[in-house]
Structures are given as structure tokens and as C-alpha cells.
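Beneath this line is the structure, given in C-alpha cells, with notes to follow.
The values are calculated or read from the model by the stated rules, or taken from the named source; none is laboratory data. Remember, it's a predicted structure, so these values are computed and weren't measured experimentally. Here the Cβ is made from the backbone with ideal geometry for all residues, glycine too, and neighbour counts use every protein chain on show. Keep in mind that these areas ignore ligands, DNA and RNA; they rest on the heavy atoms of the full protein, side chains included. Shrake-Rupley method; radii C 1.70, N 1.55, O 1.52, S 1.80 Å.
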Amino acid sequence: MTQALVPHKVGLDETGVWALLRELAQRASAGHALDERTGFGSDSNGRLSQTSLERAALVIDPGAERFFYGGSRFTPAVSELLDLYLPLCIGRGSANLVLAHVGQSLDGQIATANGASRYVTGPENILHMHRLRALCDAVIVGAGTVEADDPQLTTRLVSGACPVRVVIDPGLRIARDRRVFRDRAAPTLVVCDRERAGRGQGPDLIPLEADGGVLPVRRVIDALAARGLKRLFIEGGGVTVSHFLGARALSRLHVTVCPLIIGQGRPGIALPSVDRLEHALRPKTRRFSLGEDVLFDCAFERA
């Protein structure tokens with residue numbers, strides 16, 4: 001980032017802050033995550049660049065409990081952007097972020113029993129997922145999600161590059177008529193069982209050794225990191241998110257709960273039972289409002 005001398009009194013707008021968040025995410029992905037207190041100033045067009053702490057309109061401090069400050073110049077929308085997304089983009093752990101998201105009903109379902117899931121959560125959460133895509137190197141979904149929803153997995157609702165799309169499909173069951181394979185909006189990779197790959201190996205396939213038909217999460221993460229994809233967003237479905245959570249591989253989990261009761265359906269998270277509550281996962285949690293939905297931002301210590 002270039003040094004810039006800017007007036008201390010210039011405020012911040014959402015466009016400039018979102019551009020800064022994307023730049024910080026790119027720095028983290030390149031191995032240069034912001035890990036010390038740094039000031040940023042804004043010009044008359046809202047563009048943010050690094051400046052002295054004395055002249056800064058925004059100060060980011062990754063080591064502090066309150067990791068940004070700048071006074072009353074922040075509008076509520078700007079404060080919310082920084083509060084929600086800045087922890088994903090700064091600090092040493094941001095270089096290897098593994099983030100998952102689940103959008104579910106009050107009774108913990110992400111879809112009805114027959115798979116209907118559009119849309120469990122509201123438009124604010126859809127926008128949130130597009131932002132998460134824009135801040136990550138790759139967006140990961142399971143074969144079931146591609147089969148049922150035919151998602152695009154792009155950033156069409158926000159500014160920012162589309163991530164590489166990764167489909168976990170051990171048995172190579174997904175037909176190539178799905179949009180992630182046809183639209184050319186972003187590269188698509190398929191992680192599959194090496195034994196099932198056979199002659200199908202190509203530049204878009206990542207064959208791995210499976211255990212009992214399941215691709216171990218750690219092998220998936222390592223294989224993607226070898227391709228330079230270190231900031232990962234696991235978008236769904238519930239089985240895939242549960243595999244990453246059960247493997248203790250997540251840095252953060254976002255759970256968006258909407259005011260809806262579905263009844264028996266498809267659960268968002270399904271993990272093996274525990275006998276004692278002290279064996280349960282108890283992440284550090286923050287809460288945000290997304291329209292009528294409530295987002296729980298859960299931070300984990302990764303194994």
C-alpha cells in the first residue's frame with residue numbers, strides 16, 4: 001500500500017472500506033497479513049491508503065480487543081462492515097483462514113426433508129455470503145449442494161473477484177451440465193477419490209486418497225494450499241460443513257438463524273454425540289443482525 005497524506009477530518013464510506021477489506025484479504029492470501037497497528041486515511045473520493053497514526057481516519061490494531069477505531073466519523077454501516085469482516089482479513093491467522101457458513105431455521109434445519117432450501121435465510125444473508133466469497137481464495141461446496149441447488153458461487157452482488165469454485169465429489173457423480181462447469185465465471189476444481197478418477201484426471205481434478213469413501217478434510221486443505229488457495233470458504237451443505245467442523249479444521253463458523261420453524265428436515269450441523277458438556281465445542285461468539293436473521297460469528301482454536 002502506498003503512503004498518503006490525507007486530511008484527518010475526511011470520513012469513511014462503505015465503498016472505500018469494502019475496497020480496503022478486499023485489499024487486506026489479498027495481502028493475507030499473499031502471506032503479508034496486517035499484524036501490527038496501522039493507520040489509514042481517506043481522500044475526497046473515499047479511497048483508503050496507509051498513513052501515519054496521527055493523520056489516520058481509521059486505525060486497525062490486530063492485537064487489541066477493539067481491533068479498529070476512528071471516532072464518530074464512522075457511520076453505522078461502516079462500523080458494521082469493519083466489525084464483521086475485518087477479523088477475517090487481519091492477523092497472522094488470516095493467511096490460512098478456513099471459514100464455514102450455515103444458514104438455518106430456528107429448529108436447526110437448512111432445508112425441508114425433500115431438499116427445498118431457497119431461501120431459508122433472507123436477502124441480507126445472501127449478500128453476506130457473496131461478501132465472504134469475495135474475501136476468500138476458494139469457495140467449497142459438496143456434491144449434494146451442486147446437485148440440489150445448481151449454485152453459481154460468484155460475487156455478482158458485490159464488487160470483487162470471484163473465488164475459485166471447489167466441488168468435493170468423491171465419486172465424480174455430478175454431471176458437467178451444472179452452472180459451475182458451464183458459465184466460465186470462475187475456475188472450477190473437483191476434489192475426488194483417486195480410485196474413482198481413473199482416466200478422468202485433468203487440470204480441473206484433484207484426486208486424493210479417500211478413507212472409506214470420504215475425503216479427509218486435512219488432505220483437501222493441503223491440496224488446495226499447494227495450488228495457492230489458502231483462504232477457504234466452506235459454503236455448504238450441512239454435511240460438508242460438519243466434516244470440516246468435526247475435523248477441527250475451522251478458524252471460524254458463521255451460523256445465520258432465521259425466524260422460521262421447518263420441522264423435520266435436513267440439519268445444518270450434525271456431529272457425533274458427546275457424553276459430557278465439557279467435551280462440547282464452545283467457541284468465542286459474536287452476534288450480528290442481518291435483517292430479520294441473526295448471525296453468530298464463532299471463532300475456534302484450530303487443532
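Can you spot a residue in region 183-194 that is part of a loop (DSSP other than H, G, I, E, B), under 18 Å from the mean Cα position of the chain (by Cα) and touching a residue at least 60 places away in the same chain (Cβ under 8 Å)?
Step one: of region 183-194, the residues part of a loop (DSSP other than H, G, I, E, B) are 183-187.
The next check asks that each one be under 18 Å from the mean Cα position of the chain (by Cα); those that pass are 186-187.
Subsequent filtering for residues that are touching a residue at least 60 places away in the same chain (Cβ under 8 Å) retains none.
No.
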Seminar exercise, completed: In region 4-43, anything farther than 25 Å from ALA161 by Cα and at pLDDT below 90 is listed as ALA4, LEU5, VAL6, PRO7, HIS8, LYS9, VAL10, GLY11
For this session: Restrict the check to region 260-279 and report whether at least one residue is buried (at least 19 other Cβ atoms within 10 Å of the Cβ), at pLDDT 95 or above, in contact with a helix residue (DSSP H, G or I) (Cβ under 8 Å, 6 or more places away or on another chain) and not small (Gly, Ala, Ser).
Result: no
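Hey, does region 195-205 have a residue that's acidic (Asp, Glu) and either out of contact with any Leu (no Cβ under 9 Å at 6 or more places or on another chain) or part of a strand (DSSP E or B) (or both)?
So the first thing to find is which residues in region 195-205 are acidic (Asp, Glu), and the list is 195, 204.
Subset that is either out of contact with any Leu (no Cβ under 9 Å at 6 or more places or on another chain) or part of a strand (DSSP E or B) (or both): 195.
Checked against the condition, which is being acidic (Asp, Glu) and either out of contact with any Leu (no Cβ under 9 Å at 6 or more places or on another chain) or part of a strand (DSSP E or B) (or both), region 195-205 yields at least one hit.
Whether any residue in region 214-227 is on the phi > 0 side of the Ramachandran plot and open to solvent by 10 Å² or more (accessible area, probe 1.4 Å) is what I want to check.
no
Would it be correct to say that ILE221 is among the β-branched types (Val, Ile, Thr), over 26 Å from GLY115 (Cβ atoms) and part of a helix (DSSP H, G or I)? Steps first, please.
Working: among the β-branched types (Val, Ile, Thr): yes; over 26 Å from GLY115 (Cβ atoms): yes; part of a helix (DSSP H, G or I): yes.
For ILE221, the condition - among the β-branched types (Val, Ile, Thr), over 26 Å from GLY115 (Cβ atoms) and part of a helix (DSSP H, G or I) - is met.
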Problem set entry | Contacts under 9 angstrom Cβ, first residue in region 279-292 being touching a residue at least 40 places away in the same chain (Cβ under 8 Å) and closer than 12 Å to VAL257 by Cβ, partner assigned to a strand (DSSP E or B) and open to solvent by 60 Å² or more (accessible area, probe 1.4 Å), 6 or more apart | PHE288/PHE296
For this session: Answer yes or no: is there a residue in region 103-123 that is within 12 Å of the chain's Cα centre (by Cα), crowded, with 18+ Cβ neighbours inside 10 Å and in contact (Cβ under 8 Å) with a residue 12 or more places away in the chain.
Result: no
Exercise. When you look at ALA210, is it closer than 23 Å to LEU295 by Cα and of a type outside the set (Val, Ile, Thr), yes or no?
Worked result: no
Exercise. Residues of region 158-188 being surrounded by fewer than 15 Cβ atoms within 10 Å (Cβ to Cβ) and aliphatic (A, V, I, L, M), which ones?
Worked result: ALA161, ALA175
Seminar exercise, completed: With criteria (1) at pLDDT 95 or above; (2) open to solvent by 40 Å² or more (accessible area, probe 1.4 Å); (3) part of a strand (DSSP E or B), ASP297 comes up short on (2)
